[in-house]
Amino acid sequence: MDDEQQRTMATTVVHREMMATTTTTTTAAVPGIAESYAGRSIFITGATGFMGKIMVEKLLRDCGELRCIYLLIRAKKGVDPAQRKEEYVKNIVFDHVRERYSERLGKIRLIRGDILSPGLGLSDDDRRELTENVELVFHCAANVRFDQHIRQAVDINLNGTIRVLGLAEQMRRLVSFVHVSTAYCQCNEAVLEEKHYPAPQNPEGISKMVGLLDDDLLDIITPRLLNNLPNTYAYTKALTEDMVYQYRGKLPIAIARPSIVTAAMKEPLPGWGEGTNGPTGLLIGAGRGVIRSMHCNGEYLADFMPVDVTMNAIIAIGTERMANARKEDVMYYNLTSSADNPISWGEVLEMGRGILNQNPFCFALWYPDGSIKSNYLYHLLCVVLFHYLPAYLIDFLMVLLRRKPFLVKVQKRISAGLTILQYYTTKEWIFRCDNTKSLYQRLSPDDRKRFYFDVNEINYQTYLYDFILGARQYILKEAPETLPKARKLLRKLYIMDKIVQIGLYLCGLWLAWTYLEVVTGSIQFVFDTAIESLRGTTVRQGL
C-alpha cells in the first residue's frame, strides 16, 4: 500500500468519525488542519531562519501525523549540513517537541543544497526524492537585510525563488505552493489589498541585467530601478511576487504577506526571538542608552506580527490552498494587525519604556531616556548632540586610556539601521485582510485554539512585557536572576543622568548670566559713552 492510499484511508476514517458525531447527515465536515497534513510530505526553504524554525516546530508539535519535512540546508562556515541539522534540533525552540514528541524529530529529512546555486545545488537522488514525494512547498528563504546591495538581493530573493519554482514544476504530487512575501512589497500604494500587483519592471529582465552589469553600473541605476521604494528588499520582493504570479496555472500558488515579524507571543516560548533586526535592534539600542532620538510620527499606526501568529496563519494557508483545485487561482493573504487591533507608534514606545524601566538590561552606556521626534531637523540635531558627540567623547577617552575606540562605529551602524526603520515609522498604510479573516472564520474551534492567528488576541501590554524579557534572555543572554543587579545599575545611571542634566542646566544658566552681564556692560558702556559725548557737545555749543 503506497503513501497516497494510506493517507486516503486515514482521511476516510477521520471523516467517518466526524460524521458520527454530527447531526448533519447530508455532508461530511471539512477536515481540520492537522488532519489535512496527515501523511503529507513538506519541503521548506529558509527553515534555519527565524520564521522557519517556528514553522518546523509547530508542524512537529501539532501536525504530528505528517509523513516527512524536507529541509534545504547548506554547508555554512565549514560546518557540514548533517552537523547543522543536529545542532538545529537542539535549539531551544524544539525543547517541547524533544521532551514530549522526540520520535517526531525523525520526520525531519536533510536535503543538501543552496538556494544560491543553479538547480539549488541538489544531487540527482535528492532531486528525484523531492519530485516524487513532496506535496507542499513553503518558500520562506529570503534575504531580509534592507540595505543589501541589489546584486545580492536579486540573487537570493528573485533568482532563489526562480530556482525553487523550477523544482516545484517537477513535483508530481504538489497540491500547495506557499510563497512568503511581505506586506511592504508595494510601499508606493496607500491601500494594500489582497490581490496581484504588477512588478515595477520585468522580473526575468532584471535578473538577467543584474547578472551582466558590474557593481559600479548597478550602483548608478539602482535608485532609478527602486522608483521610490525604500530599499532593495521591498523592490526584489515586488519582483519576486510577480515572478511567482507568472506560474499561475502551472502550480497551486498562495502568497502570504506578513508585516514586520517580531518575537513569539505564546509558542514555543513567549518572547522568543532571534537577531537584532528591526524593532528588536531599536529596543536593545534604546535600552542600552545609545539610541536617544528616533524620527517617528507617534500618531501613525504600528503594524507588527508575532512570529507564532504569522506562522500559524501560513500553515493554515497551506491547508486552504490544498482545498482549492484551481491552479489558475493565485490566493493572496495580508497578515497584518493595524486594521483590526490598532496601536500607534507613540503608544508602543511609551508602553515599552515603562516595561523596560522595570526590566532593564544588565549593561547600558547611559540611562535609557530617548524620545521620538516627528520633526526631521529636530531629530538630526538630537542625533548630533546625543548620539555622535558622546560617542566621539567616549572614544577619545578610550584612546587616552590606550583602549580600542568603538562607540562611533556603533553609532554609525545604529544610524544606518534607524534610517531604514524610520521609513516605516513616518508613513502609514491601510491593509485589507478580508481573505485572512475569512480563512480564520472557517476554522473549527479546535483549530482556532491550536493554530491561533486572530490579531485581536494580541494584548500589547502583555506582549511587550514578554518581548522585552525575551530579548534579555534569548538574545542578550541575561538570565531573569540578573534583574535585581540590572535595576541597581539603572538607579545609578538615573542619578548620574540627573547630575549631568543639572550640571548642564547650571552651566547654561552661568553662560546666560555671563552673557547677560557682558551684554548689560556693553549696553551701559555704549550708553555712558553716548551721554559723555552728548555732554561734550553741549559744553562746546555753550562756549
Run the dipole for the chain about the Cα centre, Lys and Arg Cβ at +1, Asp and Glu Cβ at -1, nothing else charged, and hand back the magnitude in debye, nearest 20. 1320 debye
Largest to smallest principal axis extent of the C-alpha atoms in the stretch 263-395, angstrom: 65, 33, 26
State the percentage of accessible surface on the chain attributable to carbon and sulfur atoms; use a 1.4 Å probe and exclude ligands, DNA and RNA. 56 percent
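Which pairs in the list LYS58/LYS85; LYS85/LYS250; LYS77/LYS477 are over 21 Å apart, alpha-carbon to alpha-carbon?
LYS85/LYS250; LYS77/LYS477
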Note, ³J(HN,Hα) from phi for the stretch 56-69, Karplus 6.51, -1.76, 1.60, rounded to Hz, x at Gly and Pro: 4, 4, 5, 5, 5, 6, 10, 10, x, 8, 5, 7, 6, 10
Mind listing the long-range amide H neighbours of LEU335? Cut-off is under 5 Å, sequence gap 5 or more, other chains count too, H placed in the peptide plane at 1.01 Å from N. ARG257, SER259
Taking only Cα atoms, what is the 0 to 90° angle, nearest 10, from helix 345-358's long axis to the longest principal axis of the chain? 80 degrees
Order 205-217, 503-515, 102-114 from most to least packed using the mean count of other Cβ atoms within 10 Å. 102-114, 205-217, 503-515
Amide H partners (placed H, <5 Å) of CYS433, local residues excluded: none
Estimated vicinal HN-Hα couplings, Hz - the stretch 446-459 in sequence order (Karplus 6.51, -1.76, 1.60; Gly, Pro = x): 5, 5, 5, 7, 7, 10, 5, 8, 7, 5, 5, 7, 6, 8
Distance from the Cα centre of the stretch 342-406 to that of the stretch 178-230, in angstrom? 34 Å
Dividing the helical contributions, -39500 (n - 2.57) per DSSP H run of n ≥ 4, by the residues of the chain yields a 222 nm value, nearest 500 deg cm²/dmol, of -16000 deg cm²/dmol
Report the charge-dipole magnitude of the stretch 351-483 in Debye, nearest 20, computed about the Cα centre from +1 at each Lys and Arg Cβ and -1 at each Asp and Glu Cβ. 520 debye
With +1 assigned to the C-beta of every Lys and Arg and -1 to the C-beta of every Asp and Glu, and no other charges, what is the dipole magnitude of the stretch 35-143 about the Cα centre in debye, to the nearest 20? 300 debye
Solvent-accessible area per residue for the chain (1.4 angstrom probe, square angstrom): 50 Å²
Looking at this model, which pairs from LYS237/LYS427; LYS373/LYS412; LYS53/LYS412; LYS107/LYS449 are more than 21 angstrom apart at the alpha-carbon? LYS53/LYS412; LYS107/LYS449
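How big is the antiparallel share of DSSP beta bridges in the chain, given as a percent to the nearest 5? Walk me through the intermediate numbers first.
Details: 2 of 38 bridges.
Roughly 5 percent of the beta bridges in the chain run antiparallel, per DSSP.
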Once the dipole of the stretch 379-454 is set up from charges on Cβ (+1 Lys and Arg, -1 Asp and Glu), the residue from the list CYS433, VAL383, LEU407 lying farthest towards its positive end is LEU407
From the phi of every residue in the stretch 381-386, what ³J(HN,Hα) in whole Hz does the Karplus formula 6.51 cos²θ - 1.76 cosθ + 1.60 yield, where θ is phi - 60° and glycine or proline is x? 4, 5, 4, 5, 6, 10
Sorted on mean Cβ neighbours within 10 Å (highest first), peptides 488-495, 235-242 come out as 235-242, 488-495
Taking the chain as the reference, fit the longest principal axis to its C-alpha atoms, fit the long axis of helix 483-542 to the helix C-alpha atoms, and give the angle between the two in degrees, 0 to 90, nearest 10. 30 degrees
P(r) tail for the chain, what percent of Cα pairs lie past 42 Å? 31 percent
Round to the nearest 10 and give me the degree value, 0 to 90, for the angle of helix 407-425's Cα axis relative to the longest principal axis of the chain. 60 degrees
Between the stretch 477-498 and the stretch 67-138, what's the alpha-carbon centroid distance in Å? 42 Å
Placed amide H near TYR70: partners under 5 Å, 5+ positions off or other chain: ILE42, PHE43, ILE44, ARG109
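The values are calculated or read from the model by the stated rules, or taken from the named source; none is laboratory data. If you're wondering where the values come from, they're calculated on a predicted model, not measured in any experiment. Cβ: placed from backbone, ideal geometry, glycine included. Neighbour counts: every protein chain shown. Note: areas computed on protein heavy atoms with side chains; ligands, DNA, RNA excluded. Shrake-Rupley method; radii C 1.70, N 1.55, O 1.52, S 1.80 Å.
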